[in-house]
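Only one structure is covered here, and it is reproduced in the block below.
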Amino acid sequence: MDLPLPVDAPASAHCGTCTRCIDACPTAAIIAPYRLDARRCISYLTIEHEGAIPPEMRPLMGNRIYGCDDCQLVCTWNKFARRTDEPDFRARNNLDTATLPTLFAWEEDEFLRRTEGSPIRRSGHERWLRNIAVALGNAAPAADARRALESRRGHPSELMREHVHWALRRHDDAPHPRRIGTHRDQARTPPPAQASRASASRPGPQEDTAVPDGRHGIPLRRREQ
């Protein structure tokens, strides 16, 4: 398709001295104003990256399983945004209430059915499970999280087995409760896996935040403001 679309005017620099996005990035992917190292970006790692997630990145991902959006959430310019009523942006197929163990139990046919019409599908079932394995490894130790991981220990994919074994080692080696640090050594206690939920709304104080369809992320974590 070749359409004579009008050319947008270049965006002007209007960030001033604000560094909120740089400070908020869990993996220090925003390395300087207007500069992003995609190799460290959770959205790239969970959506586009096809292989193993680098081990040093995994603890920093918390329990985000499809994108991140922290930089968007803290940007002061986004306070002018308004929630859309477009149906395609709403939560669907119970993704706003599903737990990590529940999502991890989806076989490929269920994954394809529940993500039909959603950008989540393009990640594919194997990467979906890979991301959830990392999230379960970062969750506070809990019986249901361990059972979910054990159920995939013998997965036919070497990629999956490696991530599951990593997550199980995290549970074996971790004191209770474990705190997850970020690149700035800011520790936060992750919620139990059974308490992780998704929400299609923009986060308010003490809300479990995620955006299952239409935008980048299902962080599946609690964001405090």
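List the number of the failed condition for Ala11; all other conditions in (1) outside any helix (DSSP H, G or I); (2) touching a residue at least 40 places away in the same chain (Cβ under 8 Å) hold.
Ala11 satisfies every listed condition except (2).
Test of understanding: among Asp109, Asp85, Asp96, which residue is among the acidic types (Asp, Glu), over 17 Å from Val164 (Cβ atoms) and touching a residue at least 24 places away in the same chain (Cβ under 8 Å)?
Values: Asp109 fails: touching a residue at least 24 places away in the same chain (Cβ under 8 Å); Asp85 fails: touching a residue at least 24 places away in the same chain (Cβ under 8 Å).
Result: Asp96 is the single residue among Asp109, Asp85, Asp96 that is among the acidic types (Asp, Glu), over 17 Å from Val164 (Cβ atoms) and touching a residue at least 24 places away in the same chain (Cβ under 8 Å).
Condition test on Tyr44, is it free of Cβ contacts under 8 Å to residues at least 40 places away in the same chain, of a type in the set (Phe, Trp, Tyr) and either surrounded by 10 or more Cβ atoms within 10 Å (Cβ to Cβ) or touching a helix residue (DSSP H, G or I) at 6+ places or on another chain (Cβ under 9 Å) (or both)? Steps first, answer last, please.
On the way: free of Cβ contacts under 8 Å to residues at least 40 places away in the same chain: yes; of a type in the set (Phe, Trp, Tyr): yes; either surrounded by 10 or more Cβ atoms within 10 Å (Cβ to Cβ) or touching a helix residue (DSSP H, G or I) at 6+ places or on another chain (Cβ under 9 Å) (or both): yes.
Yes.
Out of all the residues in the range 28-58, which are touching a Cys at 6+ places or on another chain (Cβ under 7 Å) and modelled with pLDDT of 95 or more? Please lay out each step first, then the result.
So the first thing to find is which residues in the range 28-58 are touching a Cys at 6+ places or on another chain (Cβ under 7 Å), and the list is 29-30, 33, 42-43.
Matches in the range 28-58: Ala29, Ile30, Ile42, Ser43.
So which of Arg121, Arg90, Arg83 is under 20 Å from the mean Cα position of the chain (by Cα) and more than 23 Å from Ile53 (Cα to Cα)?
Working: Arg121 fails: more than 23 Å from Ile53 (Cα to Cα); Arg83 fails: under 20 Å from the mean Cα position of the chain (by Cα).
Every option except Arg90 fails the conditions.
Search the range 89-118 for residues being part of a helix (DSSP H, G or I) and in contact with an Asp or Glu (Cβ under 7 Å, 6 or more places away or on another chain), and hand back the single one that is nearest to Ile65 (Cα to Cα).
Step by step, filter the range 89-118, then rank; the result is Pro101.
For the range 156-166, which positions are over 10 Å from Arg130 (Cβ atoms) and crowded, with 16+ Cβ neighbours inside 10 Å? I'd like the intermediate steps shown before the answer.
Step one: of the range 156-166, the residues over 10 Å from Arg130 (Cβ atoms) are 156, 158, 161, 165-166.
Within the range 156-166, just Trp166 meets the criteria.
Criterion first (among the basic types (Lys, Arg) and either touching a strand residue (DSSP E or B) at 6+ places or on another chain (Cβ under 7 Å) or farther than 30 Å from Ser157 by Cβ (or both)) does Arg64 satisfy it?
Working: among the basic types (Lys, Arg): yes; either touching a strand residue (DSSP E or B) at 6+ places or on another chain (Cβ under 7 Å) or farther than 30 Å from Ser157 by Cβ (or both): yes.
Here the answer is yes, as Arg64 does meet what is asked.
The values are calculated or read from the model by the stated rules, or taken from the named source; none is laboratory data. Everything numeric in this text was worked out from a predicted model, so none of it was measured. Every residue, glycine among them, receives a Cβ derived from its backbone with ideal geometry; neighbour counts consider all protein chains shown.
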